[in-house]
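Just below is one structure, and these are the notes that go with it.
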Amino acid sequence: MRDCFILLCAGKSKRFKSKINKQFIKYKNRPLFEHSLQTALDSKLFKKILVVSNRKIKKNYKNVDIIKGGKERHNSTKNALIYLKNKKIRNVFIHDAARPNLSINLLKKLKNQLKKNSAVVPYLNSENSVKLKINTGIKNLKRDKVLFTQTPQCFNFEELFNLYKINKEKITDEASLYINRNKKIKFILGEKKNFKITTLDDFKILNSDKYYGIGFDIHRLIKNKNLYLGGIKIPFHSGLKGHSDGDVILHAIIDGLLGAMRKNDIGSLYPSNTKKFKNIRSKNMLLPVLETLNYNNFTINNIDINLICEEPKVSKIRNKIINSISNLLSINKNLINLKGKTVEKLGIIGKEKAIACEAICSISK
Ligand code: ZN
């Protein structure tokens, strides 16, 4: 194990437009750069880990050296390579701190390729159609011929050191150095989640806020009424009494979603003293809630539901209800979970005189 992981944190984040350098901005409760640092440490693949930073890093990390960076990225890399000279390093993995979602799996794949290659670089193809501006106009490029290079970019230490020694050009990654000298690079498929945070918008996407809401509802069971649960009619000897169809599952979901959006409760949308909502189907009550979700750019992450009753047995109706909720909310079935809970024959629910439901909903901006 003679490999070194070099984490570049010295960039000035010119495109980021924030007072704090992006490498130090908080993401999941820790500075951005610490995420890839932790991955490198956890991978146990490296003899040495080197952080290159122009800002003082106060915290001490075990087995991590911290050195000062240069003016530009290539100056920082050069500083790191000079620091590592005579430290018996075989390969270096050079990674941008602005890619916090680096995976150990990718590190392992890169390391594996270094057995046969002296330069290994991860890439992704473009998902967009690509054009190239040339003097005479615009040219179409084939999507699969365009490579977006990611980091870590991995090299034989001596070879990279020597290339840096003679380099006079300003380069934006180490792969450029190899390409400029017509030297061979082994490209391997990178990972989409290993994307680079360049602008504040990228960071907002990465850090998109999650909100949670809880909903609870209970209705009395009465004879001669249809039972509606999760938007569908369930064959049963009784139905739920209410101003509407009494669908406790949908009512709990509506309250959960409103709660997550911080928009009061179902009662403020549908006051029970208003005649126009009498006998309304609960699936129609969902519509304005979904409109508010869409209007505010929220998406549903998942919904977990407890249906609390002795009868009907949830196991027999679970799939039908999940399918119905999935249709009503236009979300994937696997984002919905429905659990059944009996109450040991206790109280009004135990005596089969009522059905209750609670739901927790998670949404993201
Ligand atoms: Zn209700």
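The values are calculated or read from the model by the stated rules, or taken from the named source; none is laboratory data. Everything numeric in this text was worked out from a predicted model, so none of it was measured. When we count neighbours, we look across all protein chains shown, and the Cβ atoms used for this are built from the backbone with ideal geometry, even at glycine. Surface accessibility is based on the protein's heavy atoms, side chains included, excluding ligands, DNA and RNA. Shrake-Rupley method; radii C 1.70, N 1.55, O 1.52, S 1.80 Å.
The table for this structure:
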| item | result |
| --- | --- |
| Simple Cβ-charge dipole of the stretch 210-364, Lys/Arg +1 and Asp/Glu -1, about Cα centre, in debye nearest 20 | 440 |
| Three-way shape call for the stretch 153-237 based on the alpha-carbon gyration tensor, with the a/c threshold at 1.5 | prolate |
| Straight-distance crosslink candidates among lysines, where the alpha carbon sits under 25 Å from Lys353 and sequence neighbours closer than 8 are dropped | Lys223, Lys225, Lys233, Lys241, Lys278, Lys283, Lys313, Lys316, Lys320, Lys339, Lys341, Lys345 |
| Cα convex hull of the chain - mean projected area over all directions, nm² | 26.3 |
| Contact order relative to length of the chain, as percent, for alpha carbon pairs under 8 angstrom and 6 or more apart | 15 |
| Helix-only [θ]222 nm of the chain, DSSP H runs n ≥ 4, -39500 (n - 2.57) each, per residue, nearest 500 | -9000 deg cm²/dmol |
| Positive-end residue, the stretch 211-299 charge dipole about Cα centroid, Cβ charges, pick of Ile254, Val289, Phe236 | Phe236 |
| Solvent exposure of the chain as accessible area per residue, Å², 1.4 Å probe | 55 |
| DSSP bridge orientation in the chain - percent antiparallel, rounded to nearest 5 | 60 |
| Peptides ranked, highest mean first, by Cβ atoms within 10 Å: ranges 47-54, 351-358 | 47-54, 351-358 |
| Contact order relative to length of the stretch 3-204, as percent, for alpha carbon pairs under 8 angstrom and 6 or more apart | 25 |
| Extension reserve of the Ser176-Glu159 stretch, reckoned as 0.36 nm per residue once the Cα distance is removed | 4.7 nm |
| Relative contact order (percent, whole number), the stretch 210-364, Cα cutoff 8 Å, 6+ residue spacing | 34 |
| Cross-link pairs Lys26/Lys115; Lys68/Lys116; Lys109/Lys184 - those with Cα-Cα distance over 25 Å | Lys26/Lys115; Lys68/Lys116 |
| DSSP beta bridge pairing in the stretch 35-157, given as percent antiparallel to the nearest 5 | 75 |
| Heavy-atom accessible surface of the chain: percent carbon and sulfur, 1.4 Å | 50 |
| The stretch 239-350 shape via C-alpha gyration tensor axes, a/c threshold 1.5 | oblate |
| Helix axis angle, 282-295 relative to the chain longest principal axis, alpha carbon, degrees | 30 |
